[in-house]
Each structure stands twice: as structure tokens, then as C-alpha cells.
Amino acid sequence: MWGGGWEVCPTCAARGRRSRYREGRGGACRHVTGRGGLMAALGLLRAALPPRLSSVLWGPHRPMATATGAPERLRRGFETLQVRQEQEHVLHVQLHRPDKRNAMNGAFWREMVECFQAIAQDSSCRAVVISGAGAVFSAGIDLVEMGSELLMVEGDDPARKAWNLRRKICAFQESFSVLEKCPKPVIVAVHGACIGAGVDLICACDIRYCSQDAWFQVKEVDIGLAADVGTLQRLPKIVGSQSLVNELAFTARKMMAPEAQSCGLVSRVFPDKGSVVQAAIAVAEAIAARSPVAVQGTKENLLYARDHSVPESLRYMATWNMGMLQSQDVVTAAQAAMNRKDLKDVPFSNL
Ligand SMILES: CC/C=C\C=C\CC(=O)SCCNC(=O)CCNC(=O)[C@H](O)C(C)(C)COP(=O)(O)OP(=O)(O)OC[C@H]1O[C@@H](n2cnc3c(N)ncnc32)[C@H](O)[C@@H]1OP(=O)(O)O
């Protein structure tokens, strides 16, 4: 008996296998190519191979992995961040010192690294939203702690002090570089003020949205320093105009939401905080519905291409995909596309 075209195979559904099928002896399914094509043929090939060889080529034919549960570090919670699961594959990280306008104290700088390293390890998480609790997104570095402890260093002489300070600055940088190193896309929803280190943070995110009341300020020159945790390195690659970046960084002038959108710092502006956070969660859900092999490979290669020449990046891409194109996700997603299936209804294993 033929199944209804390109449908879920009733026998293999639990394994996440989709292809045209017909019932074989004893109710066992036999997969056949429907409209032909490489992808369906790959599925057929797998079905035709003896089980041992099939699992060498594709990995064991086992049920879809279920969410492994959040890593221990996420379950323990944080002092300055609140992490919430929005849906099965989407985490929402809130900067959470609302009384201090989410100013970034020592705990924050440490916890960002712990949080995003844990998220990177969480195979069930496929996209992350960042927002700020309370009245504004972030007032930047904690100016009280900066004066008293954040930048204090040990050392008998200037060289040793300098070396220790360098170490400290590198650690601060890591608090935002960890967002780029996290293979899952990070979407940031900004409302109200986004000042100093707040701008450094959002520059390391993959997608930036804001509300109409948002404003941005590369404030560092006003407190006597050159921004050193990412804005000067990343902002020129985000905003097309070096002249504008220079102006913002030399003068610390406020940039309001409409200008932030027109220069490309944010890609969309929403009426208020509620709607920008909802939109960020919605895009995270759309990302999470797609193959994590495809999405995470895309992030890796977009970032590589930002920092390398086109020939180098093409070479890296080819090397990347010589492994990743062999994923079952390619077969699954291509079949879903042929069947015009909503990817929300197509299961992909965690990565
Ligand atoms: C290696 C170095 C790495 C990184 C360096 C980064 C540099 C920077 O980040 S530069 C930017 C520094 N930040 C600022 O200059 C912003 C200062 N804050 C403000 O301008 C305002 O607070 C505001 C963000 C516009 C919000 O205004 P408002 O809503 O009126 O709140 P306030 O009443 O001013 O503040 C409420 C509460 O929060 C405390 N607070 C605000 N910002 C900071 C801060 N940056 N550091 C520490 N504390 C901050 C403020 O003192 C109030 O606390 P109370 O206890 O209630 O008095």
C-alpha cells in the first residue's frame, strides 16, 4: 500500500524519518524515492544498506534525541542574569539588576562567561534572546565598582601592574566575545538606554532589534577611556559609515532609535519594550525550528567571512560543509521543502 505521497512514515516517524513509503512484509516499511532527486536517493540508500553499514555512514538509527535538560550551571541561576526557557529550544537571558539600570558589576562580567559557555554546551538550546529588566537595557559598566575594584590590579611596578591590567581587560572582552563564540544565534532586544559597555554587548550579538524609545551611546570617552571591549572593533563592521562610527566614538553623542536603524545598528524598531521582546522571541523560535546543523554552520561561517577574505572564507565553507552536508538534516529539510511542510512540524535532532 502506498503512503500518501511525501508523508511521515508511520513506522519510522519516531525516528524522525520522513519519506515516501510503502508497507513491506510484516508491516515493515520500505522507503522509495518519490520525485527522485539526490536527497530522496540518499534516504533510500540508507534504507537499503545493511544496518551496520548504514550506521557507519549516518550514525545509529535511533529515536530523536530529547532535550537533555539545562546544564547544571544554568539551573543554579545567577546573581545578575535571569535565564528563562521561552520554549523547548529558546532561552531568554535578562540582564537583571533593574535597580541599578543593569549596570555591569564584577558578578555580571563573570556570569556572562559562565552563562553563555553553559548555553553553548546545552544541546537543546538553538537560539537565545537577550533583554534588559526594568527601565533601560543597560547603563554600561558599574561606575561605582569601576572606581573601587573593577580596574584595581596588583603589581610591584608598572610592568607588572600593566600585565595584570591587560589580563583583566582580556577577561572583560571575553564577557562579550563569548556571545560570538556561542554557536547559537543571539538576538538582542534593546529598550531605553544602551550605554557604553551596553553597546559593546549588543555589537557581539547576531541580530539587534530595539524599541522606539531606545538610544545608544558610545560613552567611553566621557569617562576617560577608549572603548576596549568590542565596540571599536565590531561597530565599524556593523555600520557602513566609518565617519559615523568615528563621530559617535569621539563625541559620545546619543543616537536615537530611528538613526540606529537607518545606519544598520539595529535591523528593526518596535513601538515599545513588550513588542520588541516578543519580536525577538518570535525570530528565535523561527530560527529554532530550523536544522541546528544548518543554523549553527551559518553563524560560524558568517563570522568567519566577516574576518577573512572571500577566497579564504569560501575555502573554509567548503571544508565545513564537506562534513555537514552529510547530515540527515539535509535529507529531512529538503523533503520538507518539497512537501511544502512548515519546518515547525519537522523534527531535527539536537546538536
Ligand atoms: C575595561 C572596561 C570595560 C568596559 C567599560 C565600559 C565603559 C562604559 O560602560 S561607559 C558608560 C558608563 N555609564 C554611564 O555613564 C551611565 C550612567 N547612568 C545614567 O546615565 C542613568 O543612570 C541612566 C542609565 C540614563 C538611567 O537614568 P535613570 O532612569 O534616571 O536612573 P538613575 O536614577 O540615574 O539611576 C538609578 C540607579 O542606578 C544607578 N546607576 C545607574 N547607572 C549606573 C552605573 N553605570 N553604575 C553604577 N550605578 C548606576 C544609580 O546610581 C541609581 O542607584 P541608586 O542606588 O538608586 O542611587
- Please report, ordered by residue number, the helices (runs of 4 or more DSSP H) entirely within region 277-351 with at least 2 residues that are of a type in the set (D, E, K, R). 292-307, 310-324
- Task: Filter region 104-137 for residues that are over 23 Å from PRO185 (Cβ atoms) and touching a strand residue (DSSP E or B) at 6+ places or on another chain (Cβ under 7 Å) and give the result.
- Result: VAL136
- Within region 203-221, is even one residue buried (at least 23 other Cβ atoms within 10 Å of the Cβ), of a type outside the set (Lys, Arg), within 9 Å of the ligand (Cβ to nearest atom) and without any contact (Cβ under 8 Å) to a residue 40 or more places away in the chain? yes
- Task: Identify the residue in region 222-246 that is more than 26 Å from VAL277 (Cβ to Cβ) and not in a helix (DSSP H, G or I) and, among all such residues, is farthest from the ligand (Cβ to nearest atom).
- Result: GLY240
- Message: If I ask for residues that are over 27 Å from LYS344 (Cβ atoms), touching a Lys or Arg at 6+ places or on another chain (Cβ under 8 Å) and at pLDDT 95 or above, which ones from region 51-94 would you list?
- Response: THR80
- Task: State whether the residues of region 146-154 include one that is at pLDDT below 95 and away from the ligand (no atom under 16 Å from the Cβ).
- Result: yes
- Note on the structure: Note on region 114-135: residues within 14 Å of the ligand (Cβ to nearest atom), on the phi < 0 side of the Ramachandran plot and surrounded by fewer than 23 Cβ atoms within 10 Å (Cβ to Cβ) are ALA133, ALA135
- Mind listing just one residue for me: the one in region 148-189 that is closer than 25 Å to ALA118 by Cβ and in contact with a Lys or Arg (Cβ under 7 Å, 6 or more places away or on another chain) and, of those, surrounded by the fewest Cβ atoms within 10 Å (Cβ to Cβ)? PRO183
- Message: Suppose we filter region 125-145 for residues that are small (Gly, Ala, Ser) and in a loop (DSSP other than H, G, I, E, B); how many remain?
- Response: 5
- Query: Considering LEU325, LEU303, LEU314, which residue is closer than 22 Å to LEU179 by Cα, among the aliphatic types (A, V, I, L, M) and not assigned by TED's automatic domain parsing to the domain that holds ALA127?
  - Reply: LEU303
- Message: Would you confirm, using the coordinates I've provided, whether ARG167 is part of a helix (DSSP H, G or I), farther than 30 Å from PHE270 by Cβ, among the basic types (Lys, Arg) and within 16 Å of the ligand (Cβ to nearest atom)?
- Response: yes
- Item | Every pair of residues 6+ apart whose Cβ atoms lie under 6 Å, when the first sits in region 156-184 and is without any contact (Cβ under 8 Å) to a residue 12 or more places away in the chain while the second is within 13 Å of the ligand (Cβ to nearest atom) | LYS161/VAL153; ASN164/VAL153
- Query: Looking at VAL199, is it among the β-branched types (Val, Ile, Thr), more than 11 Å from the ligand (Cβ to nearest atom) and within 18 Å of the chain's Cα centre (by Cα)?
  - Reply: no
- Query: Looking at LEU265, is it crowded, with 19+ Cβ neighbours inside 10 Å and not in a strand (DSSP E or B)?
  - Reply: yes
- Please go through region 77-115 and pick out each residue that is more than 22 Å from GLY147 (Cβ to Cβ) and among the charged types (D, E, K, R). ARG84, GLU86, GLU88, GLU114
- Query: near the ligand (Cβ under 9 Å from one of its atoms), assigned to a helix (DSSP H, G or I) and within 29 Å of ALA288 (Cβ to Cβ), is that true of VAL178?
  - Reply: no
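The values are calculated or read from the model by the stated rules, or taken from the named source; none is laboratory data. The shown structure was predicted, so the numbers you read here are calculated from the model rather than taken from an experiment. Neighbour counts are summed over all protein chains in view; Cβ atoms, including those assigned to glycine, are modelled from backbone coordinates with ideal geometry.
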